[in-house]
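For reference, the structure is listed below as structure tokens.
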């Protein structure tokens, strides 16, 4: 407690202008930055997968299962930062048993469960069921036990059964696309619906969140695909990689256009809150917004990917460029979330001053914890890739 | 083959039933909660409708209200937690607006601007506005914050999960996380006192009667008389929160 007060006194000494006295403490920290970030990666990775499945972009086949497993790994972790930031984390279940229907936050649990249970788990199950049956025959120990259990006793492996699996999987993906849109658009609405906060309150917020989610998810799968192939010493399918990069380019353009539109609109209308937002953007958010999000996360990737649409350098150079661009985009989108969450709390609702955010290393809201939440899905993904490697899937009766 | 197909069909039936059941339950559940919530938020016309008037011209910035509130409601003494506070506005001759509220005005506000530079100065007591259309009540994911039948926005401490969405939703900065209880805390109009027929602590101690508490339904109450006599305004009216704290003499500089 004493340490907490000391921390707040330190912030109090750095307050700039006038803020309401209860605003010294910033209520949403790193964990709430991670929450839309991770959820966005899930939605984006899934949408990339569905491009192959529903929109029949066959060249993306090499990343299809990888994208699904990536989405699942991150989805497992998505709620954890959210729950750990609660002051009463043990009571989190109340959101599910007594949701307040007027609350934009209350429905998240249901959207999440729907997405996890109905969309991702079912789709992956239909995709892997036949392989589980085949793998269960020639594996031992934990793997055998897992494969046998997860087949849920449905052991037929003939062409007809594969066709049924495929058809049902397709239907699930069809449901999955609007669900992915819902999942992340909805996260945007949590912020966009707060009329008290002019930095958040914009009707474009859900759409901006959705497109930035797609951007980050596609970049993530692109980077993971390259790493997995390097580790496995397999050749990277350049047609696939170029196609992913092309989609990344297009969607990045849309995302950037939407965000610019939002800012231009704000700038042009110049409402009551404009003065404070102008100072915010040019001051406290200068580095993270103009430097990290826009320059590193958007302009440079757009320039590189745009160039590759008209001029293609050697494969080796493209691979390196794609890898760096992917990391830049992931870095930029992280700071996009940061700028939304932190930016919205740095200025006072009195529009007359600023507080600061002091980042901690330790503690529930600290950088160590945040790193753990970002590493955990990678570990889960590694485990899933070991357990159900897409490259060992049978290609017989492929749809 | 036949047996396998039967198994398969059975599996789909079971999973469809499970999934369908879950989805159906999740769809039904919010409506149940809505019914509960409606009970909580419906104002009872038989009961008083509590509100407060603030006469800005009368406030001398002594901070006794903020101090009394902290004592009465066991609000932590540290200067980061306030159920009510007083802001000092100083409009300088060059047009610059200076706002201050050191320690929420506890101990009294002092003017830091030289007299000859001051165009005008006034003090504005702030507290929860007990909005009729409270954004915090709308935002709370578990319904832990609600409007009482007599129009006071309250928090069920035993039910708050500490997500702090209500703090983000409140346009007036009236909420904070209580550092010891680890749940959200805010002004209750001293609900424990008004139920006993007493005045809220801040109103009770105000030496200049700058705060007027009363029943908005009672046309002979002090509050209604105050509103009849003076042109009153609420804070941030454009947000349409229908707040029940009415200010007389509110300057456009006040946010």
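None of the figures in this text is laboratory data; all of them are computed from the coordinates on show. Note that this is a predicted model, so its numbers are computed, not measured. Cβ coordinates were reconstructed from backbone atoms using ideal geometry, including for glycine residues, and neighbour counts include every protein chain displayed.
Rounded if a/c is under 1.5, else prolate if a/b beats b/c, else oblate: with a ≥ b ≥ c from the C-alpha gyration tensor eigenvalues square-rooted, which is the range A:273-399?
The shape class here is oblate.
Report the extension gain between residue B:252 and residue B:116 in nm, rounded to one decimal, defined as 0.36 nm multiplied by the number of residues separating them, less their alpha carbon distance.
Working: separation 136, 0.36 × 136 = 48.96 nm, distance 2.24 nm.
Residue separation times 0.36 nm, minus the Cα-Cα distance, leaves 46.7 nm.
Going by a ≥ b ≥ c, the root eigenvalues of the Cα gyration tensor, does the range A:100-191 fall in the rounded group (a/c under 1.5), the prolate group (a/b larger than b/c) or the oblate group?
On the way: a/c = 3.94, a/b = 2.16, b/c = 1.82.
Taking the square roots of the gyration eigenvalues as a ≥ b ≥ c, the range A:100-191 is prolate.
Please report Rg over Rh for chain B, where both radii come from the alpha carbon positions and Rh follows the Kirkwood definition.
A ratio of 1.16.
Could you work out how far the C-alpha centroid of the range A:112-158 sits from that of the range A:71-90, in angstrom?
What the calculation gives is 25 Å, centre to centre.
Assign one of three labels to the range A:351-399, namely rounded, prolate or oblate, based on the Cα gyration tensor with a ≥ b ≥ c the square roots of its eigenvalues; rounded applies when a/c is under 1.5, prolate when it is not and a/b is larger than b/c, and oblate otherwise.
It comes out oblate by the Cα gyration axes.
By how many degrees, 0 to 90 and rounded to 10, does the Cα axis of helix A:159-192 deviate from the longest principal axis of chain A?
So the helix axis and the longest Cα principal axis differ by about 0 degrees.
How many nm separate the modelled label positions at residue A:163 and residue A:307, each set 7 Å beyond the Cα in the direction of the Cβ?
Taking the simple label geometry, residue A:163 and residue A:307 are separated by 5.1 nm.
How tilted is helix A:122-137 with respect to the longest principal axis of chain A? Cα atoms for both, answer in degrees (0 to 90, nearest 10).
40 degrees
Would you mind checking the tilt of helix A:141-150 against the longest principal axis of the Cα atoms of chain A, expressed as 0 to 90 degrees and rounded to 10?
The two axes meet at around 80 degrees.
Find the percent of Cα-Cα distances in the protein assembly as shown that exceed 45 Å, and round it to a whole number.
Values: 62115 of 213531 pairs.
In whole percent, the share of Cα-Cα pairs in the protein assembly as shown beyond 45 Å is 29.
Fewest Cβ neighbours within 10 Å first, please rank A:364, B:52 accordingly.
A:364, B:52
Could you identify which residue out of A:345, A:88, A:293 has the top mean-square fluctuation in a GNM of chain A using Cα springs shorter than 10 Å?
Among A:345, A:88, A:293, the largest mean-square fluctuation in the Gaussian network model of chain A belongs to A:88.
For residue A:97 paired with residue B:97, estimate the spin-label separation in nm (one decimal), with each label point 7 Å from Cα along the Cα-to-Cβ line.
Inter-label distance under the simple model: 4.7 nm.
Using alpha-carbon positions, what is the distance between the centroids of the range A:346-399 and the range B:128-152, in Å?
34 Å
So what's the gap between the Cα centers of the range A:209-277 and the range B:186-242, to the nearest angstrom?
Cα centroid of the range A:209-277 versus Cα centroid of the range B:186-242: 51 Å apart.
Sum -39500 (n - 2.57) across every DSSP H segment of at least 4 residues in the protein assembly as shown, then divide by the residue count to get the 222 nm mean residue ellipticity, nearest 500. Before the final figure, lay out the partial values.
Numbers: 22 runs with 337 residues, N = 654.
Computed ellipticity for the protein assembly as shown at 222 nm equals -17000 deg cm²/dmol.
If packing is taken as the average number of other Cβ atoms within 10 Å across a peptide's residues, how do B:61-67, A:296-302 rank, most packed first?
Working: B:61-67: 22.7, A:296-302: 20.6.
My ranking of the peptides, most packed first, is B:61-67, A:296-302.
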